[in-house]
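All of the numbers you see were taken from the coordinates with simple rules; none came from a lab. Being a predicted model, the structure only gives us computed values, none of them experimental. Every residue, glycine among them, receives a Cβ derived from its backbone with ideal geometry; neighbour counts consider all protein chains shown.
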């Protein structure tokens, strides 16, 4: 048993294409494929399928609380909701702000998470353990609480950060308001978001990195490649599918960020703090404009698709390689 | 063999640098968590102060007592364990199957499946609350833990499938084929070759699935109307009222909530190590 | 791909059909009189959603209400579930769209109108006589339950704001007694600033920039309004000379006496926790906030016990006192409730005279003017009771909750407080937004 789990290193396997003789097989691969995805399809079609169809229908209707509570059919209004969203000049400002926010946050998350993963790989066992425990603790902290703690750290009255910075010579942080201008305010929000996103990204990347045989990297080093070159030429290509996932997911999450901004602004965000998630809540869900909210949601999905189309294509292509 | 040499190698400068950076990163990252723990053990008078106190000389368990004795703590704990671990186990099984399907098998509609899995994750949650509620209402699953698990599955599955697909794809198909040349069936080859190599991925995704469903608030709050059915995050926010926040009890509650996740990770951590060694490290 | 889509559409159609059957349950809304006489044999469960404040603030009153209810319906179970202010409307919307609805719901008095208009709550117009002392319901609260001449809910409790001050600081600054006119207030503020101004954190009067209940009290005090109904349309009042005068005075007072953040409100952080730190001489707060300053726990400071007094906020226009916002809560019975009689019986028990006295003890303003006169005799409640008699209420318009949630007022006021915009510009902008939202665009 145990001898068989000793998988040969990748480079020990013969060149691809020297395929093994056809083995005994009762089912066609196609059928097996369908059987394997069946349970997932059932769950997703059941729990997500109906809500998604409903969402699209909703975006073409005008559903108010009256219809919602009574179960009466809502009138269809064609693309009126979309028109309302797309003719709102604020909407484009919000989208632009959201895009910038997403790019900055995703880039920082990936950069820092890669750094952490590489440090974990290079560090001693105890240090790796320490980092892992820290990451898990950060990840395990309920979001409701972590946003409150950050709020506290940067509070105008009770802020720990203001107090600490105020100890520095020549710095007066009494009555310093981090949110008085949107630039420093978004700085704090970025800190909260990236801090919360690093554990997932770093642990996933580390899991990926640990799949890369050390021999490969060592061989590259022996051949005279620098650490950066080794990472870019050897490690990164192997990790690409994982990077794709982490990037796309980070984009999706940061694009829709809501909680961190909402709590940081004491549930009263100023217009200059509105990203798409906050905007759609304030213009739609928070004020019971379900149909408008549905339209914003559909537009959000379309925007995200545009945003991630490069990665999707890459991912589908990658999916074909094996 | 190679590892023996690695172990004996004198500490390289790179390792020292990595350790220093690692410790520095840990200290910065952990601070909010430390603040949570600290607040949880502080006496009430030391919690909110203009001059922050970074240590307490009067640690007390009174916040924990208040949190534990608040209504429905045990109900919420039980419900959360059921929901989170239930979601995690089912999600991992379903996702592994689907991940193998899309990474290893060619079938008509595979691309569409991958595409749908991706798009599903892009829909803002706030837009789905009412439709999901109506759906569960129509199958009489509102206010049941089963309904919540089903909902979480739908949210967690796409991610788990996607991630696991990456890990499965990362295992060269040649390894499996080699095993099959040696007489393994496809299933045996999968179990003995692919599974150990995918294990780190399974661990990463299981933590993801666990934490997502352990900490999720809004769907649980909307779907579960009876208080004896509520989960821990819903229970936790009861310390935030219009009349102020009981920071002590809130942080004590949050600490207790975080412990099972950390413990779970500590347990599977060992398996991560053995999963990893299957690759190269062990001689 | 095509086949899949067709299959998905088919499945969706089936599910949609199922959903259509699933909704529509519950008894139809009737304006008929309810009967709460009691039924010893009735069995079942009455579901009540109260806000979390009751769980922490007056659990005994809830218990007492259920005990009283059980005397009429001994076999009916009462299940009270506590909700969060932040998300309770999302949960309520979802629940009301389905078939499993709570029977009794608590609503903030500025949240009700859109629900009244949407027919979410049972019409109680013909049943008001069933409730204790209904003819003397607190006017502001009763107004929040009334839509187009019909009554849809029952006043539960309210709060009103007075000024809480540090007796010791006043004494040290040489102020013999609390101010009764606005000029005195400003003069006392100047004395306090003179005495304690070297402390960079010191606020003679703590006034955060988004504290809209306070800023709008200045508006109403100066004779302005948020909006008034003119025939079938709403006419905004925030750009009127009176309103601008009020806002200008609020801004002047904030600039002179307050170091509070211009971008936060009275609840983030809770202003009583700030006052408890000892750098604030006055704040404008609800009855419970005054008590919380010196409370043990939740950020209170027990050392300030006996140092906190209160007085009515003086009027800028020479009125006896400044009008306070009539914030509060109502209890409503859902239209879809299958047990409207039980629900009414429980609501009556919860809001009955005896129970309201218990709520008063927890620092609340009771729901009737009769009880308000009683409260006026209680020294701890007297200033709040006095200001409750003289209060303002937001426009009772279907679109009001939208105005509040769109944050135009809060953000406009923050712009005034921080000086980003002039009072006139900000007022004009707020007014335009309020007017267009109330008129349903």
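Between the C-alpha center of the stretch B:117-175 and that of the stretch C:409-441 there is a gap of 42 Å.
Between 0 and 90 degrees, the angle of helix C:182-196 with respect to the longest Cα principal axis of chain C falls at about 70 degrees. I need the calculated FRET efficiency for the pair residue B:187 and residue C:79, taking r as the beta carbon distance and R₀ as 56 Å, to the nearest 0.05. Rounded to the nearest 0.05, the efficiency is 0.65. In peptide B:93-101, what is the residue-averaged number of other protein chain Cβ atoms found within 10 Å of each Cβ? Going residue by residue through B:93-101 and averaging, the value is 5. Distance from the C-alpha centroid of the stretch C:197-262 to that of the stretch C:275-295: 20 Å, rounded to the whole angstrom.
With distances taken between every two different alpha-carbon atoms, the stretch B:156-197 has a Kirkwood hydrodynamic radius of 10.8 Å. With N counted as the residues of the stretch A:217-265, its alpha-carbon radius of gyration over 2.2 N^0.38 Å works out to 1.82. With the simple model of a label 7 Å out from the Cα in the direction of the Cβ, residue A:232 to residue B:68 spans 5.6 nm. Could you tell me which of rounded, prolate or oblate describes the protein assembly as shown, using a ≥ b ≥ c as the square roots of the eigenvalues of the alpha-carbon gyration tensor, with rounded for a/c under 1.5 and, failing that, prolate when a/b is larger than b/c and oblate otherwise? Taking the square roots of the gyration eigenvalues as a ≥ b ≥ c, the protein assembly as shown is prolate. With N as its number of residues, chain C has a Cα radius of gyration that, divided by 2.2 N^0.38 Å, comes to 1.07. Only Cα pairs under 8 Å and 6+ residues apart enter the sum, and on that basis the relative contact order of chain C stands at 25 percent. In plain terms, the residue of A:110, C:192 with the fewest other Cβ atoms within 10 Å comes first and the most crowded comes last, giving A:110, C:192. Convex hull volume of the Cα atoms of the stretch B:88-171, normalised per residue: 103 Å³. The modelled label-to-label distance for the pair residue C:424/residue B:17, using points 7 Å beyond Cα in the direction of Cβ, is 6.4 nm. By definition, a body whose alpha carbon gyration tensor gives a ≥ b ≥ c is oblate when a/c is 1.5 or more and a/b is not larger than b/c, and chain B fits this oblate description. What the Cβ-Cβ distance of residue A:99 and residue C:139 gives, at R0 = 60 Å and to the nearest 0.05, is a FRET efficiency of 0.75. As a proxy for reagent exposure, A:37, B:30 were ordered by neighbouring Cβ count within 10 angstrom, fewest first; the result is B:30, A:37. Stretching residue A:174 away from residue A:83 to a fully extended chain increases their span by 28.0 nm, per 0.36 nm per residue minus the current alpha-carbon distance.
Note on the stretch A:114-160: the alpha carbon radius of gyration divided by the globular reference 2.2 N^0.38 Å gives 1.53.
Building the convex hull from the alpha-carbon atoms of the stretch C:268-341 and averaging its projection over directions returns 9.0 nm².
Please work out whether chain A counts as rounded, prolate or oblate from its C-alpha gyration tensor, where a ≥ b ≥ c are the square roots of the eigenvalues and a/c under 1.5 means rounded, while otherwise a/b larger than b/c means prolate and anything else oblate? It comes out oblate by the Cα gyration axes. With all projection directions averaged, the alpha carbon convex hull of the stretch B:8-132 covers 16.9 nm². Say we join alpha carbon atoms closer than 10 Å with springs in a Gaussian network model of chain B; which of B:12, B:70, B:45 then has the biggest fluctuation? Answer for the Gaussian network model of chain B: B:12. Seen against the Cα atoms of chain C and their longest principal axis, helix C:408-418 is set at about 20 degrees. Spin-label model, residue C:184 to residue C:167: label points 7 Å out along the Cα-to-beta-carbon direction sit 1.8 nm apart.
For the stretch A:199-318, a Kirkwood radius taken over Cα pairs fed into Stokes-Einstein (37 °C, viscosity 0.692 mPa s) yields D = 190 µm²/s. Here the Gaussian network model covers chain B, with springs between Cα atoms less than 10 Å apart; of B:214, B:57, B:235, B:57 fluctuates the most. For residue A:225 and residue A:92, the difference between the fully extended length at 0.36 nm per residue and the C-alpha to C-alpha distance is 43.3 nm. Computed from the Cβ-Cβ distance with R0 of 25 Å, the FRET efficiency linking residue C:126 to residue C:148 stands at 0.95. To test your reading of the geometry: what angle, between 0 and 90 degrees and rounded to tens, separates the Cα axis of helix C:59-72 from the longest principal axis of chain C? Around 30 degrees separate the two axes. Above 17 Å, the calculated P(r) of the stretch C:36-150 contains 64 percent of its Cα-Cα pairs. As a size descriptor, the averaged projected area of the C-alpha convex hull of the stretch A:67-202 was calculated at 14.2 nm².
Of the residues C:35, C:240, C:158, the one that moves most in a GNM of chain C with alpha-carbon contacts below 10 Å is C:35.
Counting neighbouring beta carbons within 10 Å and listing from fewest to most, the residues C:161, A:128, B:15 come out as B:15, A:128, C:161. Think of it as helices only: each DSSP H run of n ≥ 4 in the protein assembly as shown is worth -39500 (n - 2.57), and spread over all residues that comes to -18500 deg cm²/dmol at 222 nm.
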